[in-house]
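The values are calculated or read from the model by the stated rules, or taken from the named source; none is laboratory data. All figures in this text were calculated on a predicted structure; none of them were measured in a lab. As a convention, Cβ positions derive from the backbone with ideal geometry for all residues, glycine included, and neighbour counts pool all protein chains shown. SASA here: full protein model, heavy atoms, side chains in, ligands and nucleic acids out. Shrake-Rupley method; radii C 1.70, N 1.55, O 1.52, S 1.80 Å.
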Amino acid sequence: QVQLVESGGGLVQAGGSLRLSCAAHGSIGSINGMGWYRQVPGKQRELVATVTGSGSANYADSVKGRFTISRDNTENTVYLLMNSLQPEDTGVYYCKVLLIPRVGGPTFQYWGQGTQVTVSS
């Protein structure tokens, strides 16, 4: 069994910062890609940022230059540092992990439970 535990969401004023974290626990052979997505009511979940196993990052255009994704492979954790937050960044943020529970086995996709980020103007 694998569980993703997210933390770090909250309420912040525009221009402020938050750092999200997502830790994977359980049967973990290895982790490939990790990423963050956000969803607002009535809209599809959208990509915010991803990072590969080698550390290569990719960002949505709307967050480039403001958000930074990173990972700690020793702790099986992915982070999202969000600076210069704007009201349009409001949403529920979900982490996603591509993980191989047993070495040599198939890759599975796991989602975190989501954490609310609210940016007030």
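Does GLY9 satisfy being of a type in the set (Gly, Ala, Ser) and in contact with a Ser or Thr (Cβ under 6 Å, 6 or more places away or on another chain)? In short, yes. When the residues of the stretch 76-87 are filtered to those that are part of a loop (DSSP other than H, G, I, E, B) and under 15 Å from the mean Cα position of the chain (by Cα), the one that is surrounded by the most Cβ atoms within 10 Å (Cβ to Cβ) is ASN76. In this structure, SER70 does not satisfy being farther than 24 Å from GLN1 by Cβ, open to solvent by 70 Å² or more (accessible area, probe 1.4 Å) and free of Cβ contacts under 8 Å to residues at least 60 places away in the same chain.
Tallying residues that are under 22 Å from PHE108 (Cβ atoms), open to solvent by 30 Å² or more (accessible area, probe 1.4 Å) and of a type in the set (A, V, I, L, M) within the stretch 3-32 yields 2.
Does the stretch 6-27 contain at least one residue that is assigned to a loop (DSSP other than H, G, I, E, B) and over 21 Å from VAL117 (Cα atoms)?
yes
Residues in the stretch 88-108 that are more than 15 Å from LEU47 (Cα to Cα) and either of a type in the set (A, V, I, L, M, F, W, C) or assigned to a strand (DSSP E or B) (or both): LEU99, ILE100, VAL103, PHE108. Taking the stretch 43-69 as the range and being touching a Leu at 6+ places or on another chain (Cβ under 8 Å) and in a loop (DSSP other than H, G, I, E, B) as the test, the residues that pass are ALA60, ARG66. Of the residues examined, SER17 is not one that is small (Gly, Ala, Ser) and within 10 Å of the chain's Cα centre (by Cα). The conditions of being surrounded by 14 or more Cβ atoms within 10 Å (Cβ to Cβ), more than 18 Å from SER21 (Cβ to Cβ) and not aliphatic (A, V, I, L, M) are met by THR52.
With respect to (1) surrounded by 13 or more Cβ atoms within 10 Å (Cβ to Cβ); (2) out of contact with any helix residue (DSSP H, G or I) (no Cβ under 9 Å at 6 or more places or on another chain), the lone exception for ARG38 is condition (2).
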